[in-house]
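The structure under discussion appears below in the form of structure tokens.
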Amino acid sequence: MKNMYKVLATTTILAMLAAPMAASAQNANKPITPPGKVNSHHASDVAKEKSNKHVAGTLGQITNYVNDKSGKFVTVTGRGLSHTDQDEIILNITDQTKIVDSKGKRVDLQSIIDGKKVVKAFYDGKITRSIPARGTALTLVVQDYSFSAITGKVTASTDGRVTVEGTNMYTNAEETMILNIAPNAKIYDQEGKKLKKDSLKEGMNITAFFGPAVTASIPAQSTTNYITVNAVEENNGGGEVAEQAGTDGVIISKNNGSITVAGKGIDGGQNYLILHIDKDTQIVDEKGKALTEEALKADVRVDAFYGPYMALSYPAQTHAQKIIVKDQETFKIEGTIEKSPFANDSRVYVNVGSDDNTGNDLILNINKDTLLLNLQGIEDLKEGTKIVAYHSAAVTMSLPGITNAEIVMIKHEADK
């Protein structure tokens, strides 16, 4: 989903940073209206888009922060400022990145993270095609309002309010919210088309931004000014979901009733996500024989299937409906990227084990099918970078051996 809000001209960014926030101050005790989409069919907006150069941006909270030898990176989760922008993006914070408040005053990055403050993150248009995308931050503008968000299923829709059962975007907590739809609420579908309040029906999957005021009742209540309709569960007349998304991949890790899987999406599925396992999850081998959760171990290959509803975290999270455990062997290495005459623009030399033994070192081919989980591209695989990689079973008999990389992850210091 990419939501259109407004077009920002490069020449007006500084003016925007200095813009007064009087309207926000006057309504400090009222639910804040999160920026919404602009109706793409409105003539004046079309003219503005044609006459101004758009600066990509995402509005949300910083949900992850990495600061190690490879650099500083923040994950901003929320929604794109326009239909072409990212709802979630990993941004490299450089010496040129400006981090300021709405008046242009410098703000400490750690204070933003600790305070869980909302930011508008503007970034270079050159971003990766990964999920989430990665880019370089130009400016982080701290907002003087806050909000939260829930992604889930509409279980009731009456008299200008909806009841949503789902997952909080920022806490990952399962919750039920009764949301009063503000008179000026902006409601859009996945393509950016504006919808009316009465188009919200039971069974729809939506993401709703709300707050900051939330009641202490059960269920909690708040006001929403911005909603996106993600999907409508369709069936074939027999009550079954017509299509089931999945992932053909490897269990990267297992923790507290959940597994993290990376691989290739099946029927529109994710290439990297966290799956929650419970008594309703069907676990079988390739012949259909029932297995227990004990069969789900790190580095095991699986076909995992799940529904269309998931939290917009990174990785995305949802409930596992069915998992097929494969007999296929997994080939995994850990090591350090080293300079080598064998390396080039599409391959890297890995000192497996980061030791003095060169007999087990490998050259990894990086191609269009290689899943790069936490890096922008092969250019991030620099000399001295420690990685974890899964590779093909086919390895040449040469020394060092050459094989195709399937999944590559940078091993940060926090992972050691």
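Numerical summary
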item	result
Residue order for 161, 134, 347 - accessible surface, 1.4 angstrom probe, largest first	161, 347, 134
Overall form of region 249-298 per C-alpha gyration tensor (a/c, 1.5; a/b vs b/c)	oblate
Rounded to 5, the percent of DSSP beta bridges in region 79-198 classed as antiparallel	75 percent
Solvent exposure ordering (accessible area, 1.4 Å, most first) of 370, 215	215, 370
Exposure of residue 54 as accessible area (Å², to 10), given a probe of 1.4 Å and all protein chains	60 Å²
Theoretical gain in end-to-end length, residue 174 to residue 356 [0.36 nm per residue, Cα-Cα removed]	60.7 nm
Shape parameters for region 278-416, alpha-carbon atoms, Rg then Dmax in Å	17.5, 52
For residue 253, solvent-accessible area (1.4 Å; no DNA, RNA or ligand), Å²	50 Å²
Listed pairs 153/186; 69/332; 279/411; 116/297 exceeding 26 Å between Cα atoms	279/411; 116/297
Whole-number percent relative contact order across region 253-375, with pairs defined as alpha carbons under 8 Å at least 6 apart	19 percent
Cα-based Rg and Dmax for region 164-207, where Dmax is the largest Cα-Cα distance (Å)	11.7, 29
Solvent-accessible area of residue 90 with every protein chain in place, 1.4 Å probe, in Å² to the nearest 10	10 Å²
Spin-label model distance (nm) - residue 290 vs residue 190, 7 Å beyond Cα toward Cβ	3.4 nm
Largest-first ordering by accessible area, 1.4 Å probe, given options 340, 217	217, 340
Computed label-point distance, nm, for sites residue 105 and residue 144 using a 7 Å Cα→Cβ extension	1.0 nm
Pairwise FRET efficiency - residue 255 versus residue 113, Cβ, R0 = 35 Å, nearest 0.05	0.95
Residue 339-residue 202 FRET efficiency (beta carbon distance; Förster radius 56 Å; 0.05 resolution)	0.40
Cα-based equivalent ellipsoid, region 145-290: semi-axes from gyration tensor eigenvalues, Å	31, 19, 15
Alpha carbon Rg of region 108-195, scaled by the compact-globule rule 2.2 N^0.38 Å	1.36
Share antiparallel - DSSP beta bridges, region 266-374, percent rounded to 5	65 percent
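The values are calculated or read from the model by the stated rules, or taken from the named source; none is laboratory data. Every value quoted in this text rests on a predicted model; they were computed, and no experiment measured them. So basically every Cβ, Gly included, is an ideal-geometry build from the backbone, and we count neighbours across all protein chains shown. Ligands, DNA and RNA are stripped out before the accessible areas are found, and what is left, the full protein with its side chains, is counted by its heavy atoms. Shrake-Rupley method; radii C 1.70, N 1.55, O 1.52, S 1.80 Å.
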